[in-house]
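Step one of this worksheet: look at the structure below.
The values are calculated or read from the model by the stated rules, or taken from the named source; none is laboratory data. The structure displayed is predicted, hence computed values, not measured ones. Quick reminder, even Gly has a Cβ in these numbers, built from the backbone with ideal geometry, and neighbours come from all protein chains shown.
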Amino acid sequence: MDLTLEPALAAEEEAVAALWRECGLTVPYNDPAADFRFALGREASDVLVARQDGRVVATVMVGHDGHRGWLYYVAVAPALQGKGIGAQIVAAGEEWLKARGVVKLQLLVRETNTRVVSFYENLGFEIAPRVVMSKWLDGRE
């Protein structure tokens, strides 16, 4: 399968957000287009895509906080899942982080998306026993 992996273009916002929706990665309280714009091409974050014949078929949003790296919105077009593209896009995210000196990578899996846990375990991730706490800073509850 002939893929190109590189940073997303601003013009791909709609295609990327549509893929995230198609893969069930969106929730009502997050606007995927706003998330895309917020991360795209920044010093500490970016959105990487895999393209096949010029069409976005996989994504990973990658970023770091100066201490740890994070992956978000790991997505592969449903018709292409199971062909190794997910491993390739995760590896692209890992390389992006390594190039910036980040030595630890983390990601969160929603409890409603546990079917992907074995995918990540096969890539060397392990479940870390932590309590994740959050607080909205924009007044949301």
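Scan the range 112-128 and give yes if some residue there is in a helix (DSSP H, G or I), touching a residue at least 40 places away in the same chain (Cβ under 8 Å) and in contact with a strand residue (DSSP E or B) (Cβ under 7 Å, 6 or more places away or on another chain), otherwise no.
No, there is no match, as no residue in the range 112-128 is in a helix (DSSP H, G or I), touching a residue at least 40 places away in the same chain (Cβ under 8 Å) and in contact with a strand residue (DSSP E or B) (Cβ under 7 Å, 6 or more places away or on another chain).
List the residue pairs whose Cβ atoms are under 9 Å apart, where the first residue sits in the range 1-27 and is on the phi < 0 side of the Ramachandran plot and among the polar types (S, T, N, Q), the second is surrounded by fewer than 19 Cβ atoms within 10 Å (Cβ to Cβ) and assigned to a loop (DSSP other than H, G, I, E, B), and the two are 6 or more positions apart or on different chains.
Note: pairs meeting the criteria are Thr4/Gly54.
So, in the range 37-76, how many residues would count as being over 13 Å from the mean Cα position of the chain (by Cα) and of a type outside the set (Lys, Arg)?
11
If you go through the range 68-87 one residue at a time, do you hit one that is farther than 25 Å from Thr114 by Cβ, at pLDDT 95 or above and out of contact with any helix residue (DSSP H, G or I) (no Cβ under 6 Å at 6 or more places or on another chain)?
no
On the given criteria, is Val27 within 25 Å of Arg130 (Cα to Cα), surrounded by fewer than 14 Cβ atoms within 10 Å (Cβ to Cβ) and either at pLDDT 95 or above or not small (Gly, Ala, Ser) (or both)?
yes
Looking at the range 65-93, I want the residues that are without any contact (Cβ under 8 Å) to a residue 40 or more places away in the chain and of a type outside the set (Lys, Arg) and have a partner that is in a loop (DSSP other than H, G, I, E, B) and crowded, with 18+ Cβ neighbours inside 10 Å with Cβ atoms under 7 Å, at least 6 apart or on another chain. Which pairs are those?
Gly69/Val102
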